[in-house]
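*Asks:* Here it is, the structure in full.
The values are calculated or read from the model by the stated rules, or taken from the named source; none is laboratory data. Given the structure is predicted, the values throughout are model-derived calculations rather than measurements. Because the Cβ atoms are built from the backbone with ideal geometry, glycine has one as well, and the counts that use them run over all protein chains shown.
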């Protein structure tokens, strides 16, 4: 069983900030996932000035978690969102799996498959369709879920932080 905590943020800068905050508080970057509309791919991988004022690719000298994840974004047209969805991080394997694609349930079904209750999944789906960015952190157990949830809530998400579990991916 894998545990995760997730929330949807209204824009890429908000998602970037909360992902960096998770890492600053000890959550490994390889455990953080993002899910957004395809139209955000460029913004997720854009260059930013690093601390010394030099342009740096996110995830390299700038230390940006979102950029590092975005380097491995996978496009998922099968989730039924016009223009497609991009996802990176641990949940990409689950969402790209045959069970999600075969279900034909789109993004809503994928979110429910990740363990979100249907009503919360509908809210998350609408936020992503409206341009929001889902940030999730995968956990080996629910022990650090409260810490992750607190950090995700500080980032002013457009959905409440959700703790869930999903089958092994």
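*Asks:* With the structure loaded, tell me whether residue 125 is farther than 11 Å from residue 7 by Cβ, under 15 Å from the mean Cα position of the chain (by Cα) and at pLDDT 80 or above or whether it fails that test.
*Replies:* Spelling it out, residue 125 is indeed farther than 11 Å from residue 7 by Cβ, under 15 Å from the mean Cα position of the chain (by Cα) and at pLDDT 80 or above.
*Asks:* For the stretch 6-42, name all the residues that are closer than 18 Å to residue 154 by Cβ and part of a strand (DSSP E or B).
*Replies:* 6, 7, 8, 9, 32, 34
*Asks:* Which condition number does residue 137 fail, the rest of (1) surrounded by 14 or more Cβ atoms within 10 Å (Cβ to Cβ); (2) at pLDDT 70 or above; (3) within 14 Å of the chain's Cα centre (by Cα); (4) in a helix (DSSP H, G or I) being met?
*Replies:* The number of the failed condition is (4).
*Asks:* While we're looking at this one, here's another question. Quick one: count up the residues across the stretch 144-168 that are at pLDDT below 85 and under 19 Å from residue 115 (Cβ atoms).
*Replies:* Going through the stretch 144-168 one residue at a time, the tally reaches 11.
*Asks:* Would you check if there is a residue in the stretch 18-34 being touching a residue at least 60 places away in the same chain (Cβ under 8 Å) and more than 27 Å from residue 142 (Cβ to Cβ)?
*Replies:* no
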